[in-house]
1. Please tell me if Glu132 is of a type in the set (Asp, Glu), more than 20 Å from Val59 (Cα to Cα), touching a helix residue (DSSP H, G or I) at 6+ places or on another chain (Cβ under 8 Å) and not in a loop (DSSP other than H, G, I, E, B).
2. Go over the candidates Gly84, Gly131 one by one and state the one that is open to solvent by 20 Å² or more (accessible area, probe 1.4 Å) and among the small types (Gly, Ala, Ser).
3. Across region 98-130, what is the total count of residues that are of a type in the set (Gly, Ala, Ser), modelled with pLDDT of 95 or more and within 14 Å of the chain's Cα centre (by Cα)?
4. For region 90-101, state whether one or more residues are open to solvent by 50 Å² or more (accessible area, probe 1.4 Å), in a helix (DSSP H, G or I) and either of a type in the set (A, V, I, L, M) or in contact with a Leu (Cβ under 9 Å, 6 or more places away or on another chain) (or both).
5. Any residue at all in region 65-84 that is aromatic (Phe, Trp, Tyr) and touching a residue at least 24 places away in the same chain (Cβ under 8 Å)?
6. Determine which member of the set Thr166, Thr69, Thr136 is touching a strand residue (DSSP E or B) at 6+ places or on another chain (Cβ under 6 Å) and polar (S, T, N, Q).
7. Would you be able to say whether some residue in region 69-80 is under 30 Å from Lys2 (Cβ atoms) and surrounded by fewer than 16 Cβ atoms within 10 Å (Cβ to Cβ)?
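The values are calculated or read from the model by the stated rules, or taken from the named source; none is laboratory data. No experiment lies behind these values; they were computed from the predicted model shown. Backbone-built Cβ (ideal geometry, glycine too); neighbour counts: all protein chains shown. Note: areas computed on protein heavy atoms with side chains; ligands, DNA, RNA excluded. Shrake-Rupley method; radii C 1.70, N 1.55, O 1.52, S 1.80 Å.
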Amino acid sequence: LKASSGQRIILMDADLSHHPKFIPQMIAVMLENNNNNNSSSKKKMDIVSGTRYRKGGGVAGWDTFRKLTSCGANFLAAFLLSTGGASDLTGSFRLYERSAIELILPQVQCKGYAFQMEILVRAHNAGMTIGEVPITFVDRIYGESKLGANEILMYLKGLLQLFFTT
C-alpha cells in the first residue's frame, strides 16, 4: 500500500486465479452511482468485491470438500456477522478506494481467510458501501492451496472474535 500511488487499489491472486478480465467491471461498479431507488442518494462504492456466490459467479477446479468448506465459511459469517449483504467474505479479489483501505487496514487483527472477512465487516460497520461483481475463480494450476486444518481453525477463531467484538 505504501509503495502505491493511485487512489484505487486492486487486490488479486498473482497466479491469475483471479482473472484480470473482471477488473473493468469492478471499476464500472465502483464508479456508477448507488441509486438505491433514491435519486438524491448518490455515492460511489468504497469497495467492490469479486464474488463467486452471485448469479454469474462460480469456481472451476475445486473438489466437493473445498466447495463445501468455502460455502460453509461464507454462510457462517453472513449468519453471525453484520456484512451488509456481501456474498463472498473469504474472497480476496477486491477493488478498494485508497481512503477505505487506509481506514480499515489498521483495525484488522485476523489472519488468513478471516482477514478478508474482517475487512468487509469493519467496512460495513464504518458505513462504507460495498459492491459486487460476479467472477469465476479458477483453481491454481501450479502450487497448492493454503486451506488446511490450521487455516480453518484460524478462520473460526477470527469469526468468533468478530462476533463478540463488532
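1. Values: of a type in the set (Asp, Glu): yes; more than 20 Å from Val59 (Cα to Cα): no; touching a helix residue (DSSP H, G or I) at 6+ places or on another chain (Cβ under 8 Å): yes; not in a loop (DSSP other than H, G, I, E, B): yes.
Spelling it out, it is not the case that Glu132 is of a type in the set (Asp, Glu), more than 20 Å from Val59 (Cα to Cα), touching a helix residue (DSSP H, G or I) at 6+ places or on another chain (Cβ under 8 Å) and not in a loop (DSSP other than H, G, I, E, B).
2. Within the list Gly84, Gly131, the selection yields Gly84.
3. Qualifying residue count, region 98-130: 2.
4. Within region 90-101 (the criterion being open to solvent by 50 Å² or more (accessible area, probe 1.4 Å), in a helix (DSSP H, G or I) and either of a type in the set (A, V, I, L, M) or in contact with a Leu (Cβ under 9 Å, 6 or more places away or on another chain) (or both)), the answer is no, since none of the residues qualifies.
5. no
6. Going through Thr166, Thr69, Thr136 in turn, the sole match is Thr136.
7. Within region 69-80, none of the residues are under 30 Å from Lys2 (Cβ atoms) and surrounded by fewer than 16 Cβ atoms within 10 Å (Cβ to Cβ).
Yes/no matrix, rows are residues, columns are (1) assigned to a strand (DSSP E or B); (2) of a type outside the set (D, E, K, R); (3) at positive phi:
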| position | (1), (2), (3) |
| --- | --- |
| Gly6 | no, yes, no |
| Ile10 | yes, yes, no |
| Pro24 | no, yes, no |
| Gly50 | yes, yes, no |
| Lys67 | no, no, no |
| Phe75 | no, yes, no |
| Cys110 | no, yes, no |
